[in-house]
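Below is one structure, written out as structure tokens; the observations come after it.
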Amino acid sequence: MKKVNVLQLITGLPIGGAEKVLLDLCSHLDRSRIALYVIGLNDEEHLKGDFESEGIFVQMLKMKKTPAGFLRALRELTAFVDAHRIDVIHAHMFHPLLLACLLKMKRRGLKIVFTSHSENIGGRARELFTYLTKGCRDADIVFSDSMISRMYKKNAIIVPNGVDVTLFSDLLEKNPIFTFISVGVLRPGKNHAFLAACAKYLKESGYRFRIDIVGAGDDSGDLSEEIRAAITKNGVEDEVRMLGARRDIPQLLQRAHCFVMPSLFEGLPIVLLEAGAARLPILSTPVGAIPTLLDTGSGYMEDLDHFAEKMAYILTHYEEACAKAEHFYEKVNETFSIQKMARVHEKIYQNVGSYHD
């Protein structure tokens, strides 16, 4: 079987969940079968060096959010596809899908694989476009059957995210104070500001604790000031820390006591699997594909109205929480392997790239 030339097209390369998933995927693909290229549309290139250290070609188009900028990006993308004889574009999230579909109108033999990375693609107009372009795409990838909707192809392929468990194998000493940790890009859907209200509840209930919020904003928005304002409003400046974007996530997770994710919507968040690999008890809202991961034996799911109360419960029932974390660790180790994820993607690329219009 011939080598397939695959272009991974993504909005940008900030330190975020979808971007980290792509980095892990690319790092584990078989280069003897897949010729691999990565292009980011905007100028967020925090992870660019990480890709390059793995020997992966990366280019940032630095697309401006104007019609002229969009057309320039389309021209550059077309030239790249032609010069490198790209067989398959794997579009990650909405704007890469838009450009890939426009490009396919000019290059009919081009194949498109699409991963949205979230149950919320960004509004009704985007959902309609995604629905109307199903025929333009050759494969849709979702993280669980609960994510499948009318906007995806009927034969959408379920491929759970994967994690390299070995990165979380160090047995590090826990922080001296009980630490809740939340990791994610500071976007509205992650709902980080809500944790300030949770901290107020815990503080007024007499608990001793800390909440670490790890992450930064990106090209789609930065809510850091809103989160800081919520921390000040609730009077929890001593209890809640904003650590910014970090590269020592495995160590931070291993030193914390509980992972919290009060998200409004999700796909299958890679950091949830990372928390599982770190044997960290997990409390999350039941959104996206999360209910397919966690159950009463492996973690905690709670709506926002009772989220802070459940944080208090975990504080006072920590032995129970750790037992659940061990069960989830076993599930992550057995089922959500980055190697398995890479092998499935290789098959998709080769199956899609081996036939032509």
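So the values come out like this:
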| quantity | calculated |
| --- | --- |
| Candidate set: segment 294-318, residues that are touching a residue at least 60 places away in the same chain (Cβ under 8 Å) and not acidic (D, E); chosen: the one surrounded by the most Cβ atoms within 10 Å (Cβ to Cβ) | M311 |
| Criterion (without any contact (Cβ under 8 Å) to a residue 12 or more places away in the chain and either surrounded by fewer than 16 Cβ atoms within 10 Å (Cβ to Cβ) or not assigned by TED's automatic domain parsing to the domain that holds L243 (or both)) met by exactly one of T133, T166 | T166 |
| Top-ranked residue in segment 95-130 [being charged (D, E, K, R) and more than 22 Å from V352 (Cα to Cα); ranked as surrounded by the fewest Cβ atoms within 10 Å (Cβ to Cβ)] | R124 |
| Filtered residues of segment 215-235 (kept if among the acidic types (D, E) and assigned to a helix (DSSP H, G or I)) | E225, E226 |
| Filtered residue count, segment 107-140, keeping only those that are among the β-branched types (V, I, T), within 18 Å of F265 (Cβ to Cβ) and either modelled with pLDDT under 95 or part of a strand (DSSP E or B) (or both) | 2 |
| Condition met for I89 (among the hydrophobic types (A, V, I, L, M, F, W, C) and surrounded by fewer than 22 Cβ atoms within 10 Å (Cβ to Cβ)) | no |
| Of all residues making up segment 309-357, the number that are over 25 Å from the mean Cα position of the chain (by Cα), under 25 Å from A277 (Cβ atoms) and either part of a helix (DSSP H, G or I) or hydroxyl-bearing (S, T, Y) (or both) | 7 |
| Odd one out for C258 among (1) farther than 20 Å from A216 by Cα; (2) free of Cβ contacts under 8 Å to residues at least 60 places away in the same chain; (3) crowded, with 19+ Cβ neighbours inside 10 Å | (2) |
| Candidate set from segment 204-227 (those that are farther than 20 Å from I15 by Cα and free of Cβ contacts under 8 Å to residues at least 24 places away in the same chain); member that is surrounded by the most Cβ atoms within 10 Å (Cβ to Cβ) | E204 |
| Of residues in segment 89-106 being more than 21 Å from the chain's Cα centre (by Cα) and not hydrophobic (A, V, I, L, M, F, W, C), the one modelled with the highest pLDDT | K104 |
| Some residue of segment 162-170 being within 20 Å of the chain's Cα centre (by Cα) and assigned to a loop (DSSP other than H, G, I, E, B) | yes |
| Residue among R208, R241 that is among the basic types (K, R) and in a strand (DSSP E or B) | R241 |
| First in segment 60-71 and buried (at least 16 other Cβ atoms within 10 Å of the Cβ), second anywhere and assigned to a loop (DSSP other than H, G, I, E, B), Cβ under 7 Å, 6 or more apart | M60/D43; M60/E45; L61/L41; K62/N42; K62/D43; M63/L41; M63/N42; F70/M63 |
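The values are calculated or read from the model by the stated rules, or taken from the named source; none is laboratory data. Computed from a predicted structure; not experimentally measured. Positions of Cβ are backbone-derived with ideal geometry, glycine not excepted, and every protein chain shown enters the neighbour counts.
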